[in-house]
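First comes the structure, then the notes that go with it.
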Number of protein chains: 2
Amino acid sequence: MTTIKDISKHVGVSVSTVSRALNSSGYVSPEVKRKVMAAAEELGYIPNETARTLNTSISKVIGVLVPDITNPFFPKIIRGIEDAALEKGYRIIIGNTDHDAEKEKKYVEMFHQNNCLGIISATWSIDGPGANSRIPIVLLDRVVDDSISVQADHYKGGMLQAEHLIDSGATKILLIQGPDTYSSFVDRYNGALGTLKHNNIEFSILEYGPSADPMGNINDGIIRKYDGFICPNDLLAYRLLNFMYENGVEVPAEARVIGYDDLEFSKYVYPSLTTIRQPAYELGEKALKTLLEYKDGIVTDKRNFDVQLIKRNST
Amino acid sequence: MTTIKDISKHVGVSVSTVSRALNSSGYVSPEVKRKVMAAAEELGYIPNETARTLNTSISKVIGVLVPDITNPFFPKIIRGIEDAALEKGYRIIIGNTDHDAEKEKKYVEMFHQNNCLGIISATWSIDGPGANSRIPIVLLDRVVDDSISVQADHYKGGMLQAEHLIDSGATKILLIQGPDTYSSFVDRYNGALGTLKHNNIEFSILEYGPSADPMGNINDGIIRKYDGFICPNDLLAYRLLNFMYENGVEVPAEARVIGYDDLEFSKYVYPSLTTIRQPAYELGEKALKTLLEYKDGIVTDKRNFDVQLIKRNST
DNA sequence: TAATATTATGGAAACGTTTCCATCAAGGAG
DNA sequence: CTCCTTGATGGAAACGTTTCCATAATATTA
């Protein structure tokens, strides 16, 4: 392992000069700089990030918290973050919290231990461990009080869901609630709810129970009582469609189903799923940029993204 | 930020004693140990991993390389790795290479910079940068010469694909090749090829072209020439099924399609996809365990996983 | 009783950087 | 000709650990 010291010996200057040459900080004569660069190349020098971090106590690592990377919505976000990060020389550590406050806490502690420069979190217990985090945090698709966040316009998304279902002829709608601890789910729920009420349409609500799986409350009887279904996300919609298919419910003739997220697979399920697209990749990108600015004390205001109805065959 | 030094002052012993007490290494009187632990708790001490890493030059971070986290096969693997890692106090940094040797090289260098303890890679240029990596590497679902690897029995997987298609009545089969730089794809291809030949069935091969997207060579004419399709993975099968649906080809009556991977969504596409399941999560778990053993000089031999036919409605 | 282990502790070096400070030469302003 | 700025360099401290070594007290063995 070649170090700065090896270079200093090789060139015949002090380590401080080498450091300055390598980082283009402070005064170094062009001549010496050239020699140092050449030596670094020749000796195959790779800077030791650990030492650098220890000294400056700021690493180039960013902690990313998601509920579960297995939900395809998150890999897309993560790619957005990662690609933007890589470009600026940062790297990310990912933690899956499984909505578990303990795991979340463990990860936040780990991020601290590693002197992470910041955290981007798509999951955050309301009064959770984030409260006493020393490092800057950007919330993703999640609004809590006065923290910095990047999100899509979910209220509008919910409105679009309800409007479209009504437009496509639904008369009795089941509004399926998502987890009520996430503002992104609460917003889309409220958006849909408001629109349903405003249009005086008949509807019921399937509350998000403690089981955390709405499909547990779905059965043949319930399904035949409605002709329109608003799902909190695409994943649930897939399962609902599957259930309907198996129970011989014709979609969209007898029942219309709308999802939320527009995962890549929504084109391929049967019938292809009408849904609300949110720009996951861009959300990730923006979150990273926001974090980087935020740590430098800059707070941009435009951090909201538009959502969009994607019409397919399930409505 | 409380450090070991703060604890040493607080208790009135030297830093070395504190270090020994905290790590239970070397001699420390029970009395002192108790006091140190109490002080650590009281002052909210969190060990600085960076300093520890600098000193020992081994961090608790493991680099993970995948082609693209957006393909749902990989998040599953990653969860396997991560869950196992977390349990043992390790964390992972993920890099998406997009099959790009440059990116791969960049990440490997980054892993070195961060003193990563090891690398788990599901993507590796044959004579790539791995060649001169100082840190231990475990290959995932990828066999290269004499390196340590963990993989599923893809040859058998390919055989199962072909066998099942024949059993389900296919008479003219199109075997779609995957990227020929990955042993996992080559093996399943060879498995299928061998079985097709052995059964004297009529078949053609759709080679993996430079475009890297077999769908580019699929058209209405080709589709109607065969009644059985062997896909290198589920993702491609989804798109093929979609294409058939749009072109009015009845599956499985007119054409049978089999995928590979058994992604979660294969249940939900239309028609639900018959495929080969490989135990992604377990593969990840095993890869981590293997890496941890390998770095300690232990090399286990049983690193192969069985695959399994999952029969659904596309055949 | 003397020699040797065993237990407990502290001092200091080391890991590889960055950065502050001191030194010194050369060039420009008065 | 002196004073001050600017450019170039090196020495050394600092970041927070771990670990080697030395010292000392106590316990064990011959």
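The values are calculated or read from the model by the stated rules, or taken from the named source; none is laboratory data. Values in this document were obtained by computation on a predicted structure and should not be read as measured data. Every residue, glycine as well, gets a Cβ built from its backbone with ideal geometry; the counts of neighbours run over all protein chains shown. Each accessible area value is taken on the protein alone, full model and side chains, heavy atoms only, with ligands, DNA and RNA left out. Shrake-Rupley method; radii C 1.70, N 1.55, O 1.52, S 1.80 Å.
Answer yes or no as to whether B:Thr53 is of a type in the set (Val, Ile, Thr), more than 7 Å from DNA strand D (Cβ to nearest atom) and either at positive phi or within 40 Å of the chain's Cα centre (by Cα) (or both). Answer is yes for this residue. For the stretch A:85-118, the set of residues classified as in contact (Cβ under 8 Å) with a residue 24 or more places away in the chain, open to solvent by 10 Å² or more (accessible area, probe 1.4 Å) and within 24 Å of A:Asp261 (Cα to Cα) consists of A:Asp98, A:His99, listed by residue number. Elements of the type helices (runs of 4 or more DSSP H) sitting completely within the stretch B:10-57 and holding at least 1 residues that are modelled with pLDDT of 95 or more and either over 22 Å from A:Ser59 (Cβ atoms) or away from chain A (no Cβ under 14 Å) (or both): these cover B:15-23, B:30-43.
Counting only residues that are open to solvent by less than 70 Å² (accessible area, probe 1.4 Å) and of a type in the set (Ser, Thr, Tyr), which one in the stretch B:22-33 is farthest from DNA strand C (Cβ to nearest atom)?
Kept after step one, since they are open to solvent by less than 70 Å² (accessible area, probe 1.4 Å), are these residues of the stretch B:22-33: B:22, B:25-26, B:28-29, B:32-33.
Remaining after also requiring of a type in the set (Ser, Thr, Tyr): B:25, B:29.
Values: B:Ser25: 10, B:Ser29: 3 Å.
Applying the filter and picking the extreme gives B:Ser25.
Of all the numbered requirements in (1) open to solvent by 60 Å² or more (accessible area, probe 1.4 Å); (2) assigned to a strand (DSSP E or B); (3) of a type outside the set (S, T, N, Q), A:Tyr281 misses one, and that requirement is (2). If you go through the stretch B:58-75 and keep only what is part of a loop (DSSP other than H, G, I, E, B) and away from DNA strand D (no atom under 13 Å from the Cβ), you end up with B:Pro67, B:Asp68, B:Ile69, B:Thr70, B:Asn71, B:Pro72.
Within the stretch A:162-184, being open to solvent by less than 10 Å² (accessible area, probe 1.4 Å), part of a loop (DSSP other than H, G, I, E, B) and more than 11 Å from A:Phe229 (Cα to Cα) holds for one residue alone: A:Gly178. Screening the stretch B:201-262 for strands (runs of 3 or more DSSP E) wholly inside it with 2 or more residues that are in contact with a Lys or Arg (Cβ under 8 Å, 6 or more places away or on another chain) returns the ranges B:202-206, B:228-230. Within the stretch B:137-158, the set of residues being hydroxyl-bearing (Ser, Thr, Tyr) and surrounded by fewer than 21 Cβ atoms within 10 Å (Cβ to Cβ) comprises B:Ser147, B:Tyr155. Is one or more of the residues making up the stretch A:218-239 open to solvent by less than 10 Å² (accessible area, probe 1.4 Å), free of Cβ contacts under 8 Å to residues at least 40 places away in the same chain and within 14 Å of another protein chain (Cβ to nearest Cβ)? There is at least one residue in the stretch A:218-239 that is open to solvent by less than 10 Å² (accessible area, probe 1.4 Å), free of Cβ contacts under 8 Å to residues at least 40 places away in the same chain and within 14 Å of another protein chain (Cβ to nearest Cβ). Step by step: first the residues of the stretch A:84-102, then only those that are more than 8 Å from chain B (Cβ to nearest Cβ) and assigned to a helix (DSSP H, G or I), then the one that is nearest to A:Thr53 (Cα to Cα). Which residue is that? Of everything passing the filter in the stretch A:84-102, A:Ala85 is nearest to A:Thr53 (Cα to Cα). Within the stretch A:131-140, one or more residues are over 20 Å from B:Gly80 (Cβ atoms), more than 11 Å from every other protein chain (Cβ to nearest Cβ) and part of a helix (DSSP H, G or I).
Go through B:Ser8, B:Ser19, B:Ser14 for me and flag whichever is buried (at least 16 other Cβ atoms within 10 Å of the Cβ), in contact with a Ser or Thr (Cβ under 7 Å, 6 or more places away or on another chain) and among the hydroxyl-bearing types (Ser, Thr, Tyr). Step through it out loud before you land on a result.
On the way: B:Ser19 fails: in contact with a Ser or Thr (Cβ under 7 Å, 6 or more places away or on another chain); B:Ser14 fails: buried (at least 16 other Cβ atoms within 10 Å of the Cβ).
Answer to the selection: B:Ser8.
Of the residues that make up the stretch A:263-276, is at least one over 27 Å from B:Tyr270 (Cβ atoms), within 14 Å of another protein chain (Cβ to nearest Cβ) and outside any loop (DSSP other than H, G, I, E, B)? Within the stretch A:263-276 (the criterion being over 27 Å from B:Tyr270 (Cβ atoms), within 14 Å of another protein chain (Cβ to nearest Cβ) and outside any loop (DSSP other than H, G, I, E, B)), the answer is no, since none of the residues qualifies.
If you scan the stretch B:38-53, which residues turn out to be open to solvent by less than 80 Å² (accessible area, probe 1.4 Å) and either without any contact (Cβ under 8 Å) to a residue 12 or more places away in the chain or farther than 24 Å from A:Gly95 by Cα (or both)? Selection gives B:Ala38, B:Ala39, B:Ala40, B:Leu43, B:Glu49, B:Thr50, B:Ala51. Considering the stretch B:103-125, the residues that are in contact with a Lys or Arg (Cβ under 8 Å, 6 or more places away or on another chain) and more than 8 Å from chain A (Cβ to nearest Cβ) include one that is modelled with the lowest pLDDT, namely B:Trp124.
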